[in-house]
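Below: the structure, in structure tokens.
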Amino acid sequence: MTGLLVSVRSAAEAETALAGGADIIDVKEPRRGALGPADPIVWKEILAVIGRRVPVSAALGELHSGAIREYASSAAGFAYAKIGLSDWCRRPDSPSKWFQARLAMPRDVCAVQVVYADLEASGWKTFAAAMLASIALAAASQSPLIVIDTFRKDRRTLLDLVEIQVLQEWIHHAAHYEVRLVLAGSLNEQAIERLLPLEPAYIGVRTTACVGGRDGAIDLSRVKSLAKLVHRERRKVAS
């Protein structure tokens, strides 16, 4: 069963996404990069607005950013905290940094890796190598989710970088370790329709849910359309 994750930058956008049918509200600041963290005051405002109606996740930024442990230790109230794995292969201290950030989080917050399909961001030579390492790390961290996204927002989408058959194979492989994949990366409705039969845990969107592009504003009618698409496929599976 696949849900809809909508990334928002404010409490007003969070309310719009929830009203439109989002299953997870994800908090980020798109002007700060692929996984730009929002200001802590924005975190508090969104958590207060959403309450316990749906899970809320937060983008903490990249693993090797100087503030990652500070953000991790401040993530109380979130169901998930996402950390980007850019430069993973270029830094020998990457595994230790990951576990330091994980230990800094409150116990009830799940650490979630964001693996970038544009491999130059992390330094992996193949997508298979990136996924094998990521699934092993998720299992060791008792993390139920891995996000696959794009690092550079340069109009390339997830499906420009990874074939559907490959994504399907990794969804099945991850399931053996009780890990599910979240698929994101500049996905429009046509791409989402192609991905839904793979039954990822969530489809993640921002640009497609906005008027004015990624830096625009979340639009209620767009979220409703996306939720209808995702939940229609869910109803098919249920029946």
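Listed here are the residues, each with its yes/no results for (1) more than 17 Å from the chain's Cα centre (by Cα); (2) more than 27 Å from ASN188 (Cβ to Cβ); (3) in contact (Cβ under 8 Å) with a residue 60 or more places away in the chain.
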| residue | (1), (2), (3) |
| --- | --- |
| CYS110 | no, yes, no |
| ASP118 | no, no, no |
| LYS125 | yes, yes, no |
| ALA128 | yes, no, no |
| MET131 | no, no, no |
| ILE135 | no, yes, no |
| VAL147 | no, no, yes |
| THR150 | no, no, yes |
| LYS153 | no, no, yes |
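Would you mention how many residues in region 108-151 are outside any loop (DSSP other than H, G, I, E, B), more than 23 Å from VAL205 (Cβ to Cβ) and among the polar types (S, T, N, Q)?
Looking only at that region, the number is 1.
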Any residue at all in region 58-75 that is assigned to a loop (DSSP other than H, G, I, E, B), under 28 Å from ALA22 (Cβ atoms), at pLDDT below 95 and among the hydrophobic types (A, V, I, L, M, F, W, C)? yes
Of all residues in region 201-217, count the ones that are over 14 Å from ALA22 (Cβ atoms) and assigned to a helix (DSSP H, G or I). 1
Can you pull out every residue in region 87-107 that is out of contact with any Phe, Trp or Tyr (no Cβ under 6 Å at 6 or more places or on another chain) and in a loop (DSSP other than H, G, I, E, B)? ASP87, TRP88, ARG90, ARG91, PRO92, ASP93, MET105, PRO106, ARG107
Suppose we keep only residues that are surrounded by fewer than 16 Cβ atoms within 10 Å (Cβ to Cβ) and not small (Gly, Ala, Ser) within region 182-213. Which one would you say is nearest to SER143 (Cα to Cα)? PRO197
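The values are calculated or read from the model by the stated rules, or taken from the named source; none is laboratory data. On a predicted model such as this, the values are computed, not experimentally measured, just so you know. Cβ atoms come from the backbone with ideal geometry, glycine included; neighbour counts cover every protein chain shown.
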